[in-house]
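Throughout, read-outs are computed from the coordinates displayed, never taken from laboratory work. Keep in mind that this is a model prediction, so the values were computed, not measured. Here the Cβ positions follow ideal geometry from the backbone for every residue, glycine too, while neighbour counts run over all protein chains shown.
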Amino acid sequence: MSQTLISAAPGVIPTATRPVRRRRPARAVWRSIWTGAIVAVVLMIVVYPLIWLVLGSLKSQPEFLNNPTFSLPENWTNFDNYITAVTDGNLGTYARNSVLAVFPSLALTILFGVAAGFALEVMVWKGRSTTLLLFLAGIMVPGQMILLPLFTMYFEVGLTGSLWPLIITYTAIGLPLTVFMMATFFRGVPREIFEAATLDGASIYRMFFSLGLPLVRNAIFTVALVQFFFIWNDLLIALTFTNRDELRTIQVGLLNFRGQFGQVDYGPTFAAICLNVFATLAIYLFLNQRVMKGLTAGSVKG
Amino acid sequence: MRHVLGDRRAIALLLGPALLVYTLVMLVPVVWSLGYTFYEGNAITGFEPVGLDNFARLVEDPSVREALWFTVRFAVVLTVVQVVVGYLLALLYVFVLRRASGIVRTLVFFPVVLPTVAVALMFQQLFESAPRTGPVNALLEAVGIGGVDWFASGSTAFWVIIAMETWRSMGFYAVLLYAGLVDIPEETLESARLDGAAGPRLVRHIVLPLSLPVLLSSVIFSINGTLKVFDSVLALTNGGPGNQTTPLTLYMYQTSFTYGEYGFGSSIALLLTALCLMVTLFIFRSSRRDLTKA
């Protein structure tokens with residue numbers, strides 16, 4: 001850049017630089033065409049299936065079977081499929097169960113996890129690193145390893161047939177990652193802040209509620225978001241502990257959707273998938289940067 | 001100061017609930033599950049001791065061998081595919097799109113948060129061959145290759161699962177690797193460019209060696225996650241046709257809940273845990289620094 005400026009400055013324009021100048025824009029144009037094409041293909045692969053899904057949810061059964069695959073819906077305001085999915089498909093009940101299981105366990109995981117993270121990272125005592133490792137070990141335990149004893153336990157205690165097994169299990173399974181992430185965030189807070197508060201005479205509870213919590217407020221929100229997606233999208237636990245149709249969460253309900261209508265009832269199936277997708281889409285639309293940051297930070301979970 | 005920050009009652013109060021729930025619902029069941037491996041039966045019929053029979057069966061049962069082979073094959077293939085695709089996307093973000101990559105990054109990441117069941121049902125429809133032709137087969141027919149009945153054989157179904165998981169996770173690995181690529185100092189790249197390295201050569205000799213640590217942790221995270229694959233397979237193929245796409249997780253589930261064999265189910269779960277444990281130990285040894293950064 002500076003070179004062209006210098007050569008152009010004295011008023012004598014050397015002809016030799018002309019072809020160079022002309023080639024550069026041409027190369028830039030080619031480059032941006034290539035870039036545009038690659039990006040278009042990538043976005044097509046990611047976005048097209050979702051658009052196709054929405055289009056499909058507006059089609060009627062004959063349209064599915066008789067029209068070409070790539071045809072557009074004949075009636076753009078045909079929401080019958082959605083109505084069928086929610087009423088006949090019981091999707092409303094399933095969504096309610098999901099909400100009833102996910103939010104209490106999310107609240108408990110966060111509450112317990114933040115307190116534990118504070119006790120493990122800010123407070124000083126013997127054995128805290130061992131305890132942290134104990135929690136960490138839980139990250140790699142596959143759900144299958146605890147499923148059968150839990151099933152027996154809930155059966156013996158008589159919790160089977162309610163949403164409690166889900167709430168309890170989700171709380172416990174979320175803890176390792178929450179404790180691990182919260183401990184990491186508390187580690188990032190300068191110790192001097194807590195030491196100064198001690199000198200000022202703050203009690204440990206005061207320190208937790210008025211110092212610790214506000215300091216990691218953003219982190220708590222991120223962890224909650226990450227846990228929300230893990231719990232909301234869970235299938236294994238929900239499938240094991242929901243033994244009756246009216247207890248099913250939205251994921252289990254959706255899994256059995258095809259069984260109920262048979263493989264062929266396309267419209268309601270598409271509508272049900274759409275409704276399930278929209279819930280996460282709505283959250284992602286507003287909080288995508290935070291979701292991306294949080295989920296990649298939680299990648300240890302695999 | 002020690003007095004306040006080392007207050008035993010406060011520690012018990014803050015740590016207690018988490019430790020209690022964690023111990024009761026995770027640690028105790030893990031030990032309990034180990035105990036089950038010496039018994040056979042289930043919660044409803046009761047248990048009887050069988051000694052080491054479950055382990056003998058673990059070695060002999062051809063289904064276990066098939067499931068183990070599927071699990072390992074799936075983990076290796078998917079790890080390679082999703083990390084390579086993620087790396088290519090990350091290179092695209094960092095070196096081609098640069099500042100403008102934000103919107104693409106956000107869009108490509110979106111499938112990561114979608115419920116697996118929903119994605120699996122969607123892919124079933126995408127790859128459908130009868131009675132209705134799905135978009136993938138329609139596209140193949142339009143090009144003149146002809147449609148494929150994707151779910152009729154284990155080998156094609158395997159690739160549909162790989163395709164689906166890649167679609168779901170490529171944005172995730174792209175962002176993970178993007179963070180590593182952005183950390184490469186601009187001066188290093190600039191001096192390499194002055195020395196005449198550009199395009200593939202720059203990537204091959206400068207970028208790749210410098211992003212090796214983050215690449216390695218992505219590979220290990222990916223293996224650890226893919227070994228536990230369950231919901232995508234269950235929702236997409238349910239292990240079929242036959243048991244050709246059944247991973248250990250699904251086989252354990254079927255053994256336990258379809259046949260009510262908790263003892264053998266626990267043994268399979270133990271095998272799976274041992275597999276994950278080996279990989280996880282490897283994580284801690286090779287990338288401790290990245291983990292604590294989180």
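Centre-to-centre, using Cα atoms only, the stretch B:39-60 and the stretch B:243-274 are separated by 12 Å. Given +1 at the Cβ of Lys and Arg, -1 at the Cβ of Asp and Glu and no other charges, the dipole of the protein assembly as shown around its Cα centre is 2600 debye to the nearest 20. Picking from A:Thr198, A:Thr280, A:Thr35, which is most flexible by a Gaussian network model of chain A using Cα springs under 10 Å? Checking each option, the largest mean-square fluctuation is seen for A:Thr35. Considering every alpha-carbon pair of chain B, the percent of pairs per 10 Å bin, from zero through the bin containing the longest distance, is 6, 20, 25, 23, 17, 7, 2, 0.
Entry note, the protein assembly as shown: the mean residue ellipticity at 222 nm calculated from DSSP H runs of n ≥ 4, each adding -39500 (n - 2.57), is -22500 deg cm²/dmol after division by the residues and rounding to the nearest 500. Membrane-span-like helices in chain B, defined purely by DSSP H runs whose alpha carbon atoms cover 30 Å or more axially and whose average Kyte-Doolittle hydropathy reaches 1.0, are B:62-91, B:154-182, B:262-286.
Counting trypsin sites (Lys or Arg not before Pro) as exposed when in a DSSP loop with at most 15 other beta carbons within 10 Å, what is the longest stretch of chain A free of them? It runs A:1-125. Partner shielding of A:115-121 amounts to 5, given as the average count of beta-carbon atoms from other chains within 10 Å of each residue beta-carbon. Placing R0 at 30 angstrom, the Cβ-Cβ distance between A:Gln289 and B:Asp183 gives a FRET efficiency of 0.95 after rounding to 0.05. A dipole drawn for the stretch A:87-301 from +1 and -1 charges on Cβ atoms has a positive end, and of A:Ala119, A:Leu199, A:Asn276 the residue lying farthest that way is A:Leu199.
Using C-alpha pairs under 8 Å with a sequence gap of at least 6, the mean separation divided by the residue count of chain A gives a relative contact order of 29 percent. Rank A:Gly188, A:Gly36, A:Gly113 by mean-square fluctuation in a GNM of chain A with C-alpha springs under 10 angstrom and give only the top-ranked residue. In the Gaussian network model the winner is A:Gly36.
Between A:Val252, A:Val29, A:Val86, the GNM of chain A built on Cα springs shorter than 10 angstrom shows A:Val29 fluctuating the most. Simple point charges give the picture: +1 on the Cβ of Lys and Arg, -1 on the Cβ of Asp and Glu, and for the stretch B:28-165 a dipole about the Cα centre of about 900 debye.
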